[in-house]
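Each value in this text was obtained by applying a stated rule to the coordinates, not by laboratory testing. Since the structure is predicted, the reported quantities are computational estimates derived from the model, not experimental observations. Cβ atoms come from the backbone with ideal geometry, glycine included; neighbour counts cover every protein chain shown.
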Amino acid sequence: MVESEPPTKPAISRRRFVGGLGAAGAVGVGAALVGKSVIWTDSDGSDATTSTAPAVDFYGAHQAGIATPAQDRLLFGAFDVTSASRADLVALLKQWTSACAHFAGGRQIGRNDVEAAPPDDTGEALDLAPARLTMTFGFGPTMFDDRFGLSGKRPAALIDLPAFDHDNIDPAISGGDIGVQVCADDPTVAFHALRNLTRIGKGVVGLRWTQLGFGRTSSTSASQETPRNLMGFKDGTNNVAGDNRALMESQVWVGPSDQPAWMRGGSYLVARRIRMRIEQWDRDFLGDQENVIGRIKSTGAPLGRLHERDLVPLEAAHADGSLVIPPDAHIRLAAPATNGGAHLLRRGYSFTDGVSPVTAGLDAGLFFLAYMRDPRKQFVPIQNRLAANDALNEYIEHGSTAIFAVPPGVEHGGYIGGTLL
Amino acid sequence: MLPTFVIGLREGLEASLIVGIIATFLGQQGRRDALRWMWAGVVGAVVLCSAVAIVLRITEENLPQRQQEGLETVVGLAAVAMVTWMIVWMRRHARGLKHDLEGKAAAALAGGSVGTLVVMAFLAVLREGFETAVFLLAAFQGSRDPGAAGTGATLGVLVAIVIGIAIYRGGLRINLEKFFRFTGFVLVLVAAGLVATAAHTAHEAGWLNFGQHEVLNLTGFVGPGSVRSALLTGMLGVQVRPVTVEVLTYLVYLIPMAVFVLWPSRRRPVDRTGGSRIETTRVPTRDSVPTRTAVTVSAMAAVIAVAGCGSSASSKRGGAGVKTVAIELIKAGCSPAKITVPAGPTKFEVTNKNADAITEMEILDQDRIVAEVKNVAVGLSGSFSVTLKPGKFTLSCPGGTTDDGKGTLTVTGTAVALTGPSAAERAAAVGRYRDYLVAQSKLLVAKTTVFTSAVEAGNLVAARAAYAPARVPYERIEPVAASFGSLDSAIDARSNDVPVAQWTGFHKIEQAMYATGNFAGMAPVAKKLLSDVKLLDVLVRRVVLEPATIANGAVELLNEVGTSKITGEEERYSHIDLVDLAGNVEGSQAAFDSVAALLPADSPVTKAQIDARFAAIATALTPYRSGDGYTLYTDLAAAQTRAISLTIDAAAEPLSKVAEQIVA
C-alpha cells in the first residue's frame, strides 16, 4: 500500500478567473475573436515566488526598461497584429499588462496545478528571481494604418526611417506592429516573459522577429561600469544616464507640450541590428582601431587624454595641425557636441547568431537600441552623418531597422498603450 | 489415462477458448443470430474429426502386422509434429491469442461476412479436433488400457469445455500462460515418449535397423505390472529395454523442447508489435524521443486507455481524493507487486530503480491494457493517471523475473459519482462524435477501396487521382486511428517512421506513385492497406470515448498540422499537405463541435471564440483552394505557410483549455 496522503485542500474544480471587465473598464468584446479576457490578479498568485531579489516595478509614469540601469540580457520581440479587431487588441493589451506585472514581480501567471489542462504559465522561470525584468512596449508605424482606426493618431515623430548609406536591410527582421524590449539579468527570465506574451497573444498577434542580446554594451547609470562591445572598446561612456533628470527630460521623454498628447511621458525607440565584420576588425592594427573609434582601447580614454570620463578633446590637434581625434573617428561624428547637442539614450546589446554560411565568419555584432524624444532631430541626422563619414563603416553593416513609438508608463488600473487605444 | 486426459483438456480448452472469443465477438457486434451458425460449424468439425479418427483406427486394424507398425510410426510422428507445433505456437501466442483472434474476427466482419466467422470457428475446432484425433490415436496405441485412455480423453474434453464456458461467462480467470506452460511440459514428455515409440515401431516395420543395441535394462527397476512400469511405459511411452536409437531420439527431442517450454519467458519484441494486437499507450516519459506515432498516440490514446478503466479521463492534482501511488521497477517486476487502493482518480508514479529488462508498467483488465506508461528505462520515471473503478486488475511490469513481472491491483469501494453536465448531455456529446467518427471511417473505407483498386489494377493516373480523397477522411480521425498503436503505423507511417522492411500503407504507395516509379509492385501493399483500413473501421466503433478525450483529440489534430503538415513532411512525394491539413482542421472542428455544448457558462474559453478561430483558419486557407483540393505545398512561400500556421496556433491555444472545462 503506497497511497499518498489525501489532499487536505478542497477541490478546485475550475480556474478562478477574474473577468476582463475589471478595473480596466468595460471591453466591447462582442463577436470579437477573443472570448473572455483573462486578467491575472494577485489573488490568483498562490504561486508567487518567495524571492526578495530586486524587482523593477512594471507600473509607473514612464515605462520601465528605459531609465532603468541596463540589465545584462536582452530578448527583443516584434509582433504583427493578425487580428483585425480593435477589441481583440485592447483585450490583449490588458492581458499583457496583467501578465507583465506578474512577471516583473517574479510571479507565475494563472493556474498551473490543474492536471487536465495545460498550465497557464510555461514554467521555466519558476524558482528564478525577478532579475530586474522589464518589458517595454512600443508601436511601429504600421500600427497606424486603417486597421484599428489609428491613422489619425500617428505621431509626426514616428517617421518611416529613411534608407541610410551602406544599409543592407533584411525586411524579415525589420519593423513590426508592436515591439517589446525584454531585459533582465537572467536570460531565462527574459525568455520566459517574451514566450508567455507570445502565447497569450495567439490569435491576435504573431511574432515577426526576435533578437537575443547576450551582454549589455551600454550603461545607463552613473553607478555602472562602462561595458565593452565586441570590438573590445568601451561603448557609451557619454551615454544619457537614466538618473540625469534634466537630460532625460530634454532628450528622451516626450515632453508635456509635445504632440500627440498620448505620447507624453513616452519616448521613441530605434532598433538596428549592426553586424560587425569581426574577422577584418581583428586584423586591423591597434593604432588604426583606436583612430577609427577615437578612444584608447585599454583605458577607454579619448585619444589625447588619460581617463575614460575625460572630456573628449574634439579641437585638439597634433603639432602638424592634424586633429588628435581624426575627422572620421566614430566618437567625433556621434558626439552631441558635433550634432547640435542631440543625445541618444543607448541601450544596446551584443549578439551572436551563429556562423555566416557564406563566409564562415561569426555573425555577431551590436543590437543597437536607442531611446529619444524625436528621431527626426536625433537619430536621423546623427545616423546620416555616421553613414556618410564614419571610419567604422568599413567594419560594420546595418542589417535591420525598426522604429517604435513607446507610450508612457502604465498606471495601476491602466493598461499598455491605454493612452492610445 | 493421464496423457489422454491432458491431451483432451488442452486441445479442448484451446478450441473452447477460440469458440468463446468468437461468440463474445458476435455478441458485441450484435450478431447473436449468427451464433447458431457458429455452433453448426463446431458440431460439423467434431463429427468430421471423429470420422477421421475412426477411419484411421479401422484402417490400422485391418492391416497386416508389419504395415500396422508402419502406420503407427507415421501416425506417431505426425502426432509429434503436431504437438510440437502446438506447443511452440501456444508459447508464442498465449498472451496475444485473444487480440489475434479479435483482429481476425474484426477483419472478417469488416469484410461483411458472418460466414467467414463461422468458417473460422469450424476451422479452429477442426484443427484442434484433428490434432486431438491423431494424438489420441497415437496414445491409444501406446496404452495398455484403451478403456481408461478413452475415459481420460473424454474427461479432459469435458473439463476443458466447463473451463471454457466459465472463462466465457467471466466467472473464472486462469493464468493462461502458466496453464499452457505446465500442460506444455507434460505434453513434451508424452511426445518424447511417442518419438521413442515411433523409433520402436519403425524398427518393427523394418524401416529402422541401426542402433538396436540394448543400452538400458529397466526390468529390475520397473517390474512388469508394477505401478512404475505403468507410469513409464503407459504414460510416458518409455520402453523398458530401450535400444540406442530409442534413447537417443527420446533425448534429442526431450531436452531442447523442455528447455524451450520451461525457460522463463521474456517478451520478445515480436510479441509486442506482431499481429493486429491492439495497444493503447501513454508516453509522458521525459527523455523519450517521441516518434511521430508515439506523439500522436499519446494524447488521445491516453485518455482512451484511462476512459476504458473508469469514468473520468483525468484527475486534478490538489483536488479532492486524488491518490498518488508510487511504483518502483525492480528486477523482479513491479514493486510493490500487490496494491490495494480505493476507487477514484489515481496517479501512478513509476520509477525504474535498476530493472534493465523492464521499461514499462501496465494495468491490465484481464488481458486488456487499460493504462500504461512506457519508455521508463533505468534511472527514469514516468506517470499516468486513471480513474479506477472497483475490481481486480493485474499490474504488469513485463520483463520482471518473478511471475513475468505480474502483480495484482485491488480497487475497493464504489465508483466515483460524476458532477458537471448530466450523464445524458455527456452521452449525447460522445454520440455526436461517434456518429462523425463512424461516418468518416465508412468514407475512408469507400475512398480507400477506390484508391487501392486503381493501384492493384496498375492504373497510375487513376491511383493518383484517388489518393487525396482517400487521405482526407483518415486525416479527419487520425488521433482515434493512432490510438490503435501499430494500426496507425501500418496505415500512415512515413518512410522514416518504421524500419524499411515493415513500411506499409498510404505513404509507401505515395512514394511509388510520385518518386521511385516502383508502382507496379504495389498491389500487395494496396491489399494490406485496404484490410487495415477495414479493421480500423471495425475498431473505431468500439473505441471508448468521452468528452475530454474528444476535446484533446481536437487539439491533437491541430498539433498534427503544426508538426507535420505545415512543414510539408507528411506528403513529401505528392505534396498534397494542404489537403491533409484541411482534413485535420475539419476533424478538429467536428470534435470540438460535438463537445462544445458541455462548456460551462463560466468557462474562460468560449464556443464563439473557438468558432471564430476556426473561421480564421478557413479564411487563411481559402486562397489556396484549387478545384476539389488545394495548391501543392511546394507552391507556397514561407510567408504563406507562416500565415496559415499562425491561425492554427491561434485556434489550438484556447482549444487546449477545453478538456479541463468538460472533464467529469
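Identify the residues of segment A:58-86 with backbone N under 17 Å of a label point that sits 7 angstrom from the Cα of B:ARG642 along the Cα-to-Cβ direction, or state none.
Taking a point 7 Å out along Cα→Cβ of B:ARG642, the residues of segment A:58-86 whose backbone N falls under 17 Å are A:76-83.
May I ask you to list the GluC sites (Glu not before Pro) in segment B:505-610 that are in a DSSP loop and have at most 13 other Cβ atoms within 10 Å of their Cβ? Let's see the in-between values first.
Values: sites: B:GLU510, B:GLU556, B:GLU560, B:GLU569, B:GLU570, B:GLU571, B:GLU586; in loops: B:GLU569, B:GLU570, B:GLU571.
Hits after loop and neighbour filter: nothing returned.
For peptide A:115-127, how many partner chain Cβ atoms fall within 10 Å of a residue's Cβ, on average?
Values: counts 12, 20, 9, 6, 0, 2, 0, 0, 0, 0, 0, 0, 0.
Mean shielding count: 4.
Among B:VAL157, A:VAL406, what is the fewest-to-most ranking by other Cβ atoms within 10 Å?
Numbers: B:VAL157 24, A:VAL406 27.
Sorted ascending by nearby Cβ count, the order is B:VAL157, A:VAL406.
Where Lys and Arg each count +1 and Asp and Glu each count -1, what net charge lies around B:LEU194 among other residues with Cβ under 12 Å from its Cβ? Show your work: numbers first, answer last.
Working: positive: none; negative: B:GLU72, B:GLU246.
Taking every other residue near B:LEU194 into account, the sum is -2.
Select from A:PRO141, A:PRO69, A:PRO54 the residue whose mean-square fluctuation is largest in a Gaussian network model of chain A (Cα-Cα springs shorter than 10 Å).
Highest fluctuation of the listed residues: A:PRO54.
When the Cα centres of segment B:453-528 and segment A:72-148 are compared, how far apart do they sit, in Å?
Between the Cα centres of segment B:453-528 and segment A:72-148 lies a distance of 44 Å.
What does the structure give for B:612-622 when I average, per residue, the other chain Cβ atoms found within 10 Å of the residue Cβ? Display every interim value, and only then the final one.
On the way: counts 9, 5, 0, 1, 5, 0, 0, 0, 1, 0, 0.
Mean inter-chain Cβ contacts per residue within 10 Å come to 2.
Starting from the Cα gyration tensor of segment A:153-226, take the square roots of the eigenvalues, sort them a ≥ b ≥ c, and report rounded, prolate or oblate (rounded when a/c is under 1.5, otherwise prolate if a/b is larger than b/c, else oblate). Walk me through the numbers before you get to the answer.
On the way: a/c = 1.74, a/b = 1.08, b/c = 1.61.
Oblate, since a/c reaches 1.5 and b/c is not below a/b.
Are there DSSP H segments in chain A that both extend 30 Å or more along their axis (alpha-carbon positions) and score a mean Kyte-Doolittle hydropathy of at least 1.6? List them, or say none. Walk me through the numbers before you get to the answer.
Numbers: long enough: none.
Sorted by number, there is nothing, because no helix extends far enough and scores high enough.
Check each of the trypsin sites (Lys or Arg not before Pro) in segment A:261-360 and keep only those in coil by DSSP with at most 11 other C-beta atoms within 10 angstrom; list them in order. All intermediate terms of the calculation are to be shown ahead of the outcome.
Working: sites: A:ARG264, A:ARG272, A:ARG273, A:ARG275, A:ARG277, A:ARG283, A:ARG295, A:LYS297, A:ARG305, A:ARG309, A:ARG332, A:ARG346, A:ARG347; in loops: A:ARG264, A:ARG277, A:ARG283, A:LYS297, A:ARG305, A:ARG309, A:ARG347.
Those satisfying the criteria are A:ARG283.
Please compute the modelled spin-label separation between B:GLU425 and A:ALA61, points set 7 Å along Cα→Cβ, answer in nm with one decimal.
Between A:ALA61 and B:GLU425, the label points sit 5.3 nm apart.
Hey, fewest Cβ within 10 Å first, where do B:MET361, B:MET120 land in order? Each step should come with its number before you reach the end.
Working: B:MET361 27, B:MET120 21.
Ranked by crowding around the Cβ, least crowded first: B:MET120, B:MET361.
If you average the sequence gap of Cα pairs under 8 Å that are 6 or more apart and divide by the length of segment A:109-175, what percent do you get for the contact order?
Values: 26 pairs, mean separation 11.1, N = 67.
About 17 percent, as a whole number.
Going by how many other Cβ atoms sit within 10 Å of their own, how do B:HIS203, A:HIS412, A:HIS166, A:HIS102 line up, fewest first?
Values: B:HIS203 19, A:HIS412 10, A:HIS166 14, A:HIS102 24.
Going from sparsest to densest Cβ surroundings: A:HIS412, A:HIS166, B:HIS203, A:HIS102.
Each label point is 7 Å from the Cα along the Cα-to-Cβ direction; what then is the distance between the points at B:ALA520 and A:ALA163, in nm?
Going from the B:ALA520 label point to the A:ALA163 one covers 5.9 nm.
Would you mind finding the longest exposed-site-free stretch of chain A, with exposed GluC sites (Glu not before Pro) meaning DSSP loop and at most 15 other Cβ atoms within 10 Å? Don't skip to the end; give the middle numbers.
Working: sites that count: A:GLU124, A:GLU225, A:GLU315, A:GLU411.
Answer from the scan: A:1-123.
How large is the helix-only mean residue ellipticity at 222 nm for chain A, computed as the sum of -39500 (n - 2.57) over DSSP H runs with n ≥ 4, divided by its residue count, in deg cm²/dmol to the nearest 500?
Values: 6 runs with 62 residues, N = 421.
Rounded to the nearest 500, the figure is -4500 deg cm²/dmol.
In a GNM of chain A with a 10 Å cut-off on Cα contacts, which of A:SER174, A:SER267, A:SER219 has the highest mean-square fluctuation?
Among A:SER174, A:SER267, A:SER219, the largest mean-square fluctuation in the Gaussian network model of chain A belongs to A:SER174.
When a/c is below 1.5 the answer is rounded, else prolate if a/b is larger than b/c, else oblate, so apply that to segment B:384-453 with a ≥ b ≥ c taken from the square roots of the Cα gyration tensor eigenvalues. The partial results should precede the final answer.
Numbers: a/c = 5.08, a/b = 1.39, b/c = 3.67.
In terms of gyration-tensor shape, oblate.
State whether segment A:294-412 is rounded, prolate or oblate according to the following rule on the C-alpha gyration tensor (a ≥ b ≥ c being the square roots of its eigenvalues): a/c under 1.5 gives rounded; otherwise a/b larger than b/c gives prolate, and the remaining case gives oblate. Present the calculation step by step, with values, prior to reporting the outcome.
Values: a/c = 1.90, a/b = 1.25, b/c = 1.52.
In terms of gyration-tensor shape, oblate.
Can you figure out the FRET efficiency of B:THR408 with B:TYR573, using R₀ = 60 Å and their beta-carbon distance, to the nearest 0.05?
Working: r = 50 Å, r/R0 = 0.84.
My answer for the efficiency is 0.75.
Based on alpha-carbon centroids, what's the gap between segment B:423-439 and segment B:614-660 in Å, whole number please?
So the separation of the two Cα centres works out to 27 Å.
Between segment B:567-590 and segment B:355-400, what's the alpha-carbon centroid distance in Å?
34 Å
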